[in-house]
Amino acid sequence: MNSNVITSSSFTSKDLLLRKLYYSIVSSVFSQLALLLVYVLLSNINILHPIDWVLSTLKTFTSLTTWLFVIPFITLVFAQSIICAKDYVFKSSYCSTRFQKFISIFSVHNIVLLALNIIVGTTSVWLFSSLGGTQYQYLTRNCKGQSYCLNEGSFFLICSGFWTGFYYFMKIYLSEKHLSFPVIQQKKLLQFKSQLLPFLKESFSSSIWPMVYFLCLYRAWGNSLSESFCSFFGLGQEESSDSPMIYFYLWMFGALFHFNMKLMRFFFNLFLTEPIEFPLCKISPDSLSLQEGIMISDLPIIQNLACLDLSTLSRWSKHRRQVLFTLSHPGGHPHNWNILTENLLKLLTAYSELLSKSTDTAETIKTPAPVTYQSPIQSPGRFRNLRNMSLMSDRGIADIVDVTHAPLAGLSVPNTLFHKLTQKINNTLEVLKVVFGINFIFGELPQANIQKCLANGLIIIWSSQGISDLVCASIEEDRFGIVQKDLPAIITALVHLKQNLDKLNKVPALTKKIAGYDDFNYKMKGAISGALKRSLFNICRTFGKFLGEFPLNKDVVLYLQTIYKS
Amino acid sequence: MRNLHDFELPNDGEISLCEINGRIHSMNYDYANVNAFTNTVDNFPKIHITRDLLHPVSSGDEGKALFIHVDVSFLKQLTQVYYEQGFIEALHTASSHNKVLISKTAAIILDVLKNVQKVRLILNPNLRYSGSNLISQFSQTRNWMNNTIRCIAWHPYCAKVAVATCDDSIRIFSSDSGTVVPLLRCKQQKHITCLSWRPLSNTEIAVGHENGIIVWNIDSNSLVARPSISNATILQRPNHRAVMSIAWSAGGDKLVSVAACDKTIYVWDVELDKTCSLKRPGGSGNILVKWSPTGEKLFSCTNGLVFRVWDCRNWECERWSVLNGRIQAACWSNCGSTLLFASNNEPIIYGVIIKNDLVFTSDSDSSSTQAMPMFDVSKVDIDGVIVGGLVQCMESDPKGKRLAVLFQDTNCVAIFNIVRQPGLQLIPSSLVMGLAEEKPSAISFIQNFEAGTCLTVGWSSGRIQYYPIIYTDLACSTEATQSINVSLYNSFSSQIF
């Protein structure tokens, strides 16, 4: 039994997501509180009188004023993480043109988040500086002559908080929205421990540049800003020389904000990517099963988790595999297996169709759809996967030649003239579009579709590994030969997918020379095609002797041979 | 406990060549030819890498030797050194001269740097790295520094072998005679420590070297004799230095690496260049990692007392420790339920039974609480030949029936039978000796040898010897047929591949 995996008898996708989000939001809120406590503890440091130190910390932390500060802050963080959650859970929309990309930045969701980021940035600086007991504790102070003057240093820091929130959202949050699954699933506490120090280091280094930008900005507009602030609130201004410590505070508060945001992101990642053991058969009508989870493409996180679960069960868990290889009790149908393969094949073929569509945009001739194994008997889809041991061949289907009648040319002179004219107009339009930059803004980005495919790559990696491990385990564990009837279809789907993926090698933006090592799309392309290759290799190795018995297309067999031999 | 006296040496002047159905065949040095007894190794490549075949190792300053030393002015010399060898060397040069102000400043800066480095080392002892001596100390290869052959790795499915040599290159020999022998070599690949073919792939091999890992992808149909670096993926992490051992998961999707100066064990997703770190207290580096044949367990050992067995499903570990010294060699046997190991200061082979599944759930019924001493391999004199001593390297064959042991300072490779019933036992089988003056440097079993099992020994002369052990395994064959009978596929017989 794997203790890292959540097991639960029945749940719906909503339950699952809510539970995960609940844990991540609660832990990010509590981590903020913990950080605050550590900060107060460190700022009250008094080594000679440790008891005083602890007492003063406690005093600060239990006083009413502190909580008056903390509660609104926590509420803000809470709101921020709830709104963030949408980005991690729902399918992100892909923008195929530059214009769409530009417009999508100005969505209501983003504007609300930007506002929250700015407010949280400002309040966190305000909170840290007022709890730290420094000279920048208050925004105003008593000065001679007038009753209140502006505390220039405090104003400077709060402005920096505003800037940090803005900068973080624009620069980092918008670009790093996808979740990343860890290579291996360790305990959550261990993951947290191993990430804590690197995060701290990263935050201190990543907050240097925004600090420098802020200093430049403040140097340029800081005076006018503080003057207008003073005149608005009727505060006096006083010439004061700031100690160099203020730059240290500036850096530290910036780093703390970055650290907070990183932690929040980390908690989302930690809880959302935690593996789940899906039930293999439906317990109640609205509960979620593994087979359904694979098809939920609107909630990519659930789809990912389902595919991950498939790959782990097919590798490690014999008794769960056995559930798939059993026949239903009344009737003797392999329902569990049928639904699984049907959904998986749908997923794989959909993916390979999407790939082939995005690679053959130039070619007008459509390639024939992938040959899948189909029963010649027209029957409702639900009975399609009935066991059929007669091993039909799909060679017949593949050999059909499409005959199309080309219309006779020659008798249509006005038509050709018209044709030429329209062509000319079109050409001029194209040139104009390029000249005025319309194509640049509204034209479809060349690899948008491919990028969309590759972003979902983990699903394909896990599902292909999963199905291949399952199929290979079946040679010993499948007592009823359930897997056999679907094997040709599975192999064909995997081979077609691999062939479509091979076409990506011709896409110039995905070659090593142009993309370089660090490009995500390039790496993901390698990962998917490697995983597919290994899956096919595994099947070939296990079924090597028997593959000739399966009704496979000739080109599929040839392709398998190239994979297995080279 | 049994000891090495149970072994028998062949007659004087003869060396043992192979073992067929329990009988050891030997022949005179001069006419030694294994083909006289069996034709099972005929197809395998004949490998003898002499010193002449080695490529010169470029250290970057060959050009210097060609020029006569001339006296140049101090400033010019300083700039030269700075450009060629960097800032630190320039400081050393400056301090060694007698220029009053400059030399003193340079000496002071050097002192400061030295102290900073000392503080860094105290804070983080992993940074200490003493170059190839350290590799030599921890390596599984005997006399790693000077022997021609450093590692031998057999491909899991086909008759293909990769041999790493001391000129930082890897040659891939395959059974088809006449094909090109690809030579894998690149600037980044220095001081090779380990090799591992990727499972479920015909073309990929991972190479562990001083600064990281390189995964080469070599198309066997290609006629290129020196594949370029564009066929390789380079994996590196800061401070993960002197990679000592690497291991692929059974599915070929994960790679584990350990380094001598890094406490962290990395689990890599090779294509995505992503890692997860396994970090536990104990030791300041790791030297050996081995995946169990079933892929469920992973063995790792530190350069201290501690070694661990990880469960690969939840990545929790069972902690073991030796009384003193550290583990020098270890291998899985018995389908991953037994771990055999030897430490670096005691000539005894120990065995630990590691039960599957139960280990991590209930403590009372877990695997054995302490390792059993299995065999005393201390030095003995058999007919004038000294055998045994501290263990350098241990390998078990893919079927888990034989164990080969390479010793640190004696020249025989000992082969044991591993017996499982009634209890785990090591039975002496045979001793493999080289020609005169030959010392073994690396051993490896062929992964898919149908007639039994076959050990390959890389000798210090650069020769690779095959030692086939041929037997008909009754127990194994009945098991196999039984398992196949369960499924429905036994009716098929035609072959496609």
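The values are calculated or read from the model by the stated rules, or taken from the named source; none is laboratory data. These figures come from a predicted structure and were not determined experimentally. Cβ placement follows ideal geometry from the backbone for every residue including glycine, while neighbour counts extend to all protein chains displayed. Areas reflect the complete protein model, heavy atoms only, side chains present, ligands, DNA and RNA absent. Shrake-Rupley method; radii C 1.70, N 1.55, O 1.52, S 1.80 Å.
Here are the numbers:
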{"quantity": "Test for A:N2: is it modelled with pLDDT under 85 and within 14 Å of another protein chain (Cβ to nearest Cβ)", "calculated": "yes"}
{"quantity": "Among (1) in a helix (DSSP H, G or I); (2) within 13 Å of another protein chain (Cβ to nearest Cβ), the one test that A:R479 misses", "calculated": "(1)"}
{"quantity": "Any hit, the range A:439-454, residues being out of contact with any Cys (no Cβ under 8 Å at 6 or more places or on another chain), surrounded by 19 or more Cβ atoms within 10 Å (Cβ to Cβ) and within 14 Å of chain B (Cβ to nearest Cβ)", "calculated": "yes"}
{"quantity": "Filtered residue count, the range A:183-195, keeping only those that are in contact with a Phe, Trp or Tyr (Cβ under 9 Å, 6 or more places away or on another chain) and part of a helix (DSSP H, G or I)", "calculated": "5"}
{"quantity": "A:Q195 open to solvent by 50 Å² or more (accessible area, probe 1.4 Å) and touching a residue at least 12 places away in the same chain (Cβ under 8 Å)", "calculated": "yes"}
{"quantity": "Scan of the range A:216-236 for residues that are under 42 Å from the mean Cα position of the chain (by Cα) and free of Cβ contacts under 8 Å to residues at least 12 places away in the same chain, ordered by number", "calculated": "A:C216, A:R219, A:A220, A:W221"}
{"quantity": "Extreme residue, nearest to the chain's Cα centre (by Cα), among residues of the range B:221-251 that are at the interface with chain A (Cβ under 7 Å from one of its Cβ atoms) and either open to solvent by 40 Å² or more (accessible area, probe 1.4 Å) or of a type in the set (D, E) (or both)", "calculated": "B:S230"}
{"quantity": "Out of B:T40, B:T50, sole residue that is closer than 22 Å to B:M433 by Cβ, open to solvent by less than 70 Å² (accessible area, probe 1.4 Å) and in contact with a strand residue (DSSP E or B) (Cβ under 8 Å, 6 or more places away or on another chain)", "calculated": "B:T40"}
{"quantity": "Residue in the range A:290-306 that is without any contact (Cβ under 8 Å) to a residue 24 or more places away in the chain, away from chain B (no Cβ under 14 Å) and touching a Ser or Thr at 6+ places or on another chain (Cβ under 9 Å) present", "calculated": "no"}
{"quantity": "Condition met for B:A206 (open to solvent by less than 10 Å² (accessible area, probe 1.4 Å) and either within 14 Å of another protein chain (Cβ to nearest Cβ) or assigned to a strand (DSSP E or B) (or both))", "calculated": "yes"}
{"quantity": "The lone exception for B:R402 - which of (1) crowded, with 23+ Cβ neighbours inside 10 Å; (2) within 25 Å of B:S461 (Cα to Cα) it fails", "calculated": "(2)"}
{"quantity": "Scope the range A:91-123; condition in contact with a Cys (Cβ under 8 Å, 6 or more places away or on another chain) and closer than 16 Å to A:F169 by Cα; matching residues", "calculated": "A:S104, A:L113"}
{"quantity": "Members of the range B:449-470 that are open to solvent by 10 Å² or more (accessible area, probe 1.4 Å) and part of a strand (DSSP E or B)", "calculated": "B:R463, B:I464, B:Q465, B:Y466, B:I470"}
{"quantity": "Residue satisfying all of: in the range B:271-284; within 8 Å of chain A (Cβ to nearest Cβ) and not small (G, A, S); least open to solvent (accessible area, probe 1.4 Å) among these", "calculated": "B:L278"}
{"quantity": "Leading residue by the ranking (nearest to B:N133 (Cα to Cα)) among those in the range B:291-308 that are away from chain A (no Cβ under 14 Å) and surrounded by 23 or more Cβ atoms within 10 Å (Cβ to Cβ)", "calculated": "B:N303"}
{"quantity": "Helices (runs of 4 or more DSSP H) within the range A:485-566 that include 3 or more residues more than 8 Å from chain B (Cβ to nearest Cβ) and at pLDDT 85 or above", "calculated": "A:487-503, A:520-543, A:554-565"}
{"quantity": "A:K188 vs. criteria closer than 25 Å to A:I82 by Cβ, charged (D, E, K, R) and modelled with pLDDT of 85 or more", "calculated": "yes"}
{"quantity": "Options B:I287, B:I265; residue that is crowded, with 22+ Cβ neighbours inside 10 Å, within 14 Å of chain A (Cβ to nearest Cβ), of a type in the set (A, V, I, L, M) and assigned to a strand (DSSP E or B)", "calculated": "B:I265"}
{"quantity": "Pick from the range B:252-262, criterion in contact (Cβ under 8 Å) with a residue 60 or more places away in the chain and more than 15 Å from the chain's Cα centre (by Cα), ranking: nearest to the other protein chains (Cβ to nearest Cβ)", "calculated": "B:D262"}
{"quantity": "Number of the condition not met by A:T62 [criteria: (1) within 30 Å of A:F278 (Cα to Cα); (2) open to solvent by 90 Å² or more (accessible area, probe 1.4 Å); (3) polar (S, T, N, Q)]", "calculated": "(1)"}
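A quick yes/no check of all residues on (1) open to solvent by 20 Å² or more (accessible area, probe 1.4 Å); (2) touching a helix residue (DSSP H, G or I) at 6+ places or on another chain (Cβ under 9 Å); (3) closer than 27 Å to B:N303 by Cβ; (4) modelled with pLDDT under 90:
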residue: B:L339; (1), (2), (3), (4): no, no, yes, no
residue: B:I349; (1), (2), (3), (4): no, no, yes, no
residue: B:I354; (1), (2), (3), (4): no, yes, yes, yes
residue: B:S364; (1), (2), (3), (4): yes, no, no, yes
residue: B:S367; (1), (2), (3), (4): no, no, yes, yes
residue: B:A371; (1), (2), (3), (4): yes, no, yes, yes
residue: B:C393; (1), (2), (3), (4): no, no, yes, no
residue: B:E437; (1), (2), (3), (4): yes, no, no, yes
